[in-house]
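The values are calculated or read from the model by the stated rules, or taken from the named source; none is laboratory data. Quick caveat, the model's predicted, so the values are computed rather than measured. Cβ placement follows ideal geometry from the backbone for every residue including glycine, while neighbour counts extend to all protein chains displayed.
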Amino acid sequence: MRRISFGGFLVAGTHFKHGAAEYIQRLGNMTTDETGDLRSAGVVQVLDVGCGVASFSAYLLALDIQTMSFAPKDGHENQIQFALERGIGAMISAIATKQLPYPTSSFEMVHCSRCRVDWHGNDGVLLKEVNRLLRSNGYFIYSGPPAYRKDKEYPLIWDKLVNLTTAMCWKLISRKVQTAVWIKEENESCLLQNAEQKLLKICEVVDDSKTSWNVPLRNCVQVRSAAADSLKLPPRPERLSVFSESLSKLDISQEEFTSDTLFWQDQIRRYWRLMHINETEIRNIIDLNAFCGGFSVALNNFPVWVMNIVPASMKNTLSAIYDRGLIGVFHDWCEPFSSYPRSYDLLHANHLFSHYRRRGPGCLLEDIMLEMDRLTRPQGFIIIRDDESIVSRIQQLAPKFLWEVKSHLLENKEKKMETVLICRKKFWAIV
Ligand SMILES: C[S@@+](CC[C@H](N)C(=O)[O-])C[C@H]1O[C@@H](n2cnc3c(N)ncnc32)[C@H](O)[C@@H]1O
């Protein structure tokens, strides 16, 4: 079932006076000098900060633009739950004191419409985080009172924003109605000059293969070498096949990447046959150990969306997932995932438990199962494949979680037979 159009107030947002579609078209005009839409402006992946019920993301889907939307649980109550129930990818989070759990250089656009974030505060440290997340020539879209109001303290805030963004060498390319648009041009000499004049600090070079997990914000800007940005990514769907340079740095070869892609195409056909459901019964999917996103790519033509998770203690393959035009997040499965209970129709855990085998109290196999159970909708599916000893332990425990469990034998990547559990969370009530 397609769940996007709930109708009524949910299709709009607090900022979209004439609806999200009109607003998105306006952004397209602003980013293309009135000649096109966001897609022709090169936007493929968007981060929506303070997304509300994520209408922005829902309406970007028509342009095949993928959005990672987030907002905290604050006075706006259960906005993320609404988004997930509409079948739109979103998670609970806030931009605050730590780096967001997304890799560097992952989005062509970061968006904030009335997102209530004080971008001008603390020396613009949050704008520097936006700078980290934006790809070269990516846009920062800001729709909020300082962009258009001339009363109260708004002009002062606007001046601060202009000073901070100019110091980072962003260019203000349009300001109209209630929105301002900056472009992050990669301009090494401008950054070095501004650093010399003490307008900003240049970050020490960090290893991009490290995951952004529990990393404090950095009040500095990274100078990216021309070589780092040499990869010009194609639009979707071609982007789905991109073999990211970041994979070579992790010693993952093009051959391994291609065989992973083919493997998951075959597995998805088998999974759907084994689950005995039609395509439209599943919408929200989470891949708990996504590697380089092959599982998600294989689902591209299904009416679903996939939250790709790369465990924070693994190698950073999430950059490669973003380079394929998909969305995802780093996470430590010894902690709760930042989402509502019963938010996902299908959970996929490929060799996840073996990775956490030695983590000990608080992160036992049962703890991870419990968190998976929390995330699964009644009647939802949980697919698990792992080492034989782990799978048989899960098979024993599954009925205690009120999961129906069926065991199947499927080929693994090495063409050896492997046990795959297809579990289904029962619809139960305490009477
Ligand atoms: C007025 S609503 C706007 C929602 C949506 N952007 C729209 O235009 O309809 C403000 C949003 O900002 C979110 N928000 C507030 N502080 C935030 C923060 N530090 N990080 C991320 N989102 C935040 C709120 O939870 C809420 O989703």
Residues of the stretch 67-83 being surrounded by 24 or more Cβ atoms within 10 Å (Cβ to Cβ) and touching a Phe, Trp or Tyr at 6+ places or on another chain (Cβ under 9 Å), which ones? THR67, MET68, SER69, ILE80
Please go through (1) aliphatic (A, V, I, L, M); (2) within 12 Å of the ligand (Cβ to nearest atom); (3) closer than 30 Å to ILE282 by Cα for VAL130 and return the number of the only condition it doesn't satisfy. (3)
Where a residue in the stretch 263-285 is hydroxyl-bearing (Ser, Thr, Tyr) and its partner, wherever it lies, is part of a loop (DSSP other than H, G, I, E, B) and buried (at least 16 other Cβ atoms within 10 Å of the Cβ), with Cβ under 9 Å and at least six apart: none
Residues in the stretch 345-362 that are under 24 Å from the mean Cα position of the chain (by Cα) and closer than 13 Å to PRO311 by Cβ: how many? 7
Quick check on the stretch 185-198. Is at least one of its residues over 25 Å from the mean Cα position of the chain (by Cα), charged (D, E, K, R), surrounded by fewer than 16 Cβ atoms within 10 Å (Cβ to Cβ) and within 27 Å of THR67 (Cβ to Cβ)? no
What do you reckon, is LEU288 at pLDDT 95 or above, over 12 Å from the mean Cα position of the chain (by Cα) and surrounded by 23 or more Cβ atoms within 10 Å (Cβ to Cβ)? yes
Yes or no: the stretch 121-141 includes at least one residue that is in a strand (DSSP E or B), crowded, with 19+ Cβ neighbours inside 10 Å and out of contact with any Asp or Glu (no Cβ under 8 Å at 6 or more places or on another chain). yes
Residue identified as of a type in the set (A, V, I, L, M), assigned to a strand (DSSP E or B) and modelled with pLDDT of 95 or more among ALA349, ALA398: ALA349
All conditions in (1) surrounded by fewer than 21 Cβ atoms within 10 Å (Cβ to Cβ); (2) assigned to a loop (DSSP other than H, G, I, E, B); (3) β-branched (Val, Ile, Thr) are true of ILE157 except (2)
